[in-house]
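Beneath this line is the structure, given in C-alpha cells, with notes to follow.
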Amino acid sequence: MKMSVKRTAVVATAAALLTAACSSGNTTTKTSDSAGTAPGKQTTVNVWASVDQPVMDGLQAASDELTAGTDIKIKWQSVSDINTVVMTKIGASDAPDIALIPQPGVVADMVKRGGAFPEDAALDMTALKASMVPGTLDAGTVDGKLYGMLVSMNVKGLVWYNKPAWDAAGYKAPKSIDELNTLTDKIKADGKVPWCMGIESDTATGWPATDWFETLIMKYGGVDQYNKWVKHTTPFSSPIVNQAGAEFEKLMFTDGNVLGGRTAIPSTNFGTAGTPMFDAAGPQCWLYNQGSFITGFFPDATKADLDKNVGVFGFPPAKAGGDNPVEGGGDMAVMMNEKATTAEALKVLSNVKIGDKAAGSSSFISPHKDFDVSLYANETTRSVAKVAYGATAFLFDGSDAMPGEVGAGSFWTEMTSWIAGQEDLPTALKNIDRKSTRLNSSHANI
C-alpha cells in the first residue's frame, strides 16, 4: 500500500506554506545527525521517517540527550514516499533498523511480508498503555501484537473559528451534536453564515467530505462500529453511515448554512475555505471543520498570532458526556530487525520526553497524554493536544486504512458527485459498496 494522496497532498502543501517540508527525492533527502559523538563508542541505529524537517531535528536533539552515555546512537534520516520505499527494503542489507510509518495498513503489509517484528517484549507495555492516548497502540497492533508504536500524531475533527469575533458574539463550544446544530441555527438567526466548507483538492477532490463522515461515524457509532465500517464488515449503505450522511446534509446543505451554498462546496479549495473567517470586515463564515494542519493555510496576518486570532474546539460527541473518540493520524515506529540495539532505540522512541525538543519548534504533537503541554509553542497547539488527550479513543483516518481504490478512490468521487447534486446519497453509498465488494472478492480469489 502506498501513502494516500490525501495525506501526501495535504501535508506537502501545508509544509510548503510553513517552509517546513522535507526536501524532494526518491529516497534519502536529508539527514539530521548532531556532531560530537566519538566514533566507535556507540552503535548507530538508523531511523527513517517522512516527518517535516523541524520535527525530525527536534526528535534528533531529544534522542541525542536520551542516548548520551549509552551504547547506541540514533541517526534520523528523511525519506520521501516512505511507505513505498520500505517495502523495497524488506530483507535488504541497506534496510533501516526502524521506519516511522504513517498508515496502519502499511504496517500490516510489512508484517505479512516478514518485514516487521513484534515490539511488546522490548517495551514496558503496562506503562505505555497508561501513558498514551487510548487507541494509539491499537493502530499498530496486528494479530494481538504491537508492530507499530506511535511516536507523533496529528488530530482531525477540529472546529476552527475567529476568536475575537466569536468571543464578542458570546458563542460557546457545543457539548453534543444537537448543541452543534443549535449553534448553527443561532449563528444563522443572527444574520451570519455558520459554516465554511470546501472539498476541492485537485486530483484528491472529495477527501474533506470523507473526514466529515469518519468523524460523524465514530461519534455516533463508537470504536466498534467505526472499525467494522473501515473493514467493510459494516457496509456504506448501513444505518450508521446514513445517519452520518443525514447530519452532514443538515449542516452543509440547508439553505444559508454554508458560504456560497451547497453548489460552491465542490469547487472551493479546502486550503482557502477557512480564509473568509478572518476577513477584515468580519467573518464571512464562522466555523470550519478541519485537521490540525489547517492553521498553515490561514492568512499570514492570522498566523502571526494564532493564540489571539484563532479558537478551536473538538467536534462534539453524539451526546454530552458520552463516548468521544477523535480521529487522527501519525507516524508509527516499526522495527525492521530484531537486533538488541534496535530494541533499545525503540525504548528511547517510546519515552514521553522524545518530543520535548520538537514540541516548541514544529508541528509535533505527542501521543502521550502525560506529555508536558507547556512545551508546545502556543496555546492553539495545546488546545489541539488537549482534544486528543481528553478523547475516549484515538482512531486512525478510516479512508487511509481502506483499499486505495475505495478510500482514495470511490469514496472521494462518490462524495463529490453527491455533494454536487449529481446523485442522491443512497446511490453514492451503494456505488462505494459495489467497489468494496468487488475488491474483497478479487482479493479472496488471489
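The values are calculated or read from the model by the stated rules, or taken from the named source; none is laboratory data. Note that the structure is a prediction, hence the values are computed from the model and not measured. Here Cβ is always computed from backbone atoms with ideal geometry, including for glycine, and neighbour counts include all displayed protein chains. Accessible surface areas use protein heavy atoms only, side chains included; no ligands, DNA or RNA. Shrake-Rupley method; radii C 1.70, N 1.55, O 1.52, S 1.80 Å.
General observations
- Taken over region 379-408, the residue count meeting the criterion of being open to solvent by 20 Å² or more (accessible area, probe 1.4 Å) and either part of a loop (DSSP other than H, G, I, E, B) or not aromatic (Phe, Trp, Tyr) (or both) is 14.
- Cross-chain or 6+ apart pairs with Cβ under 6 Å, region 376-387 first and among the charged types (D, E, K, R), then modelled with pLDDT of 95 or more: 379/307; 382/373; 382/376
- Going through (1) open to solvent by 40 Å² or more (accessible area, probe 1.4 Å); (2) basic (Lys, Arg); (3) assigned to a helix (DSSP H, G or I) one by one, residue 219 falls short only on (1).
- In region 413-432, the residues that are assigned to a helix (DSSP H, G or I), open to solvent by 10 Å² or more (accessible area, probe 1.4 Å) and in contact (Cβ under 8 Å) with a residue 12 or more places away in the chain: 413, 414, 416, 425, 426, 430, 431
- Of the residues making up region 168-181, those that are in contact with a strand residue (DSSP E or B) (Cβ under 8 Å, 6 or more places away or on another chain) and of a type in the set (D, E, K, R) number 0.
- Qualifying residue in region 129-141 (condition: touching a Ser or Thr at 6+ places or on another chain (Cβ under 6 Å), over 19 Å from residue 275 (Cα atoms) and crowded, with 20+ Cβ neighbours inside 10 Å): no
- Of the residues making up region 170-202, those that are open to solvent by 60 Å² or more (accessible area, probe 1.4 Å) and of a type in the set (A, V, I, L, M, F, W, C) number 1.
- Condition check for residue 126: open to solvent by 30 Å² or more (accessible area, probe 1.4 Å) and either over 21 Å from residue 347 (Cβ atoms) or modelled with pLDDT of 95 or more (or both): yes
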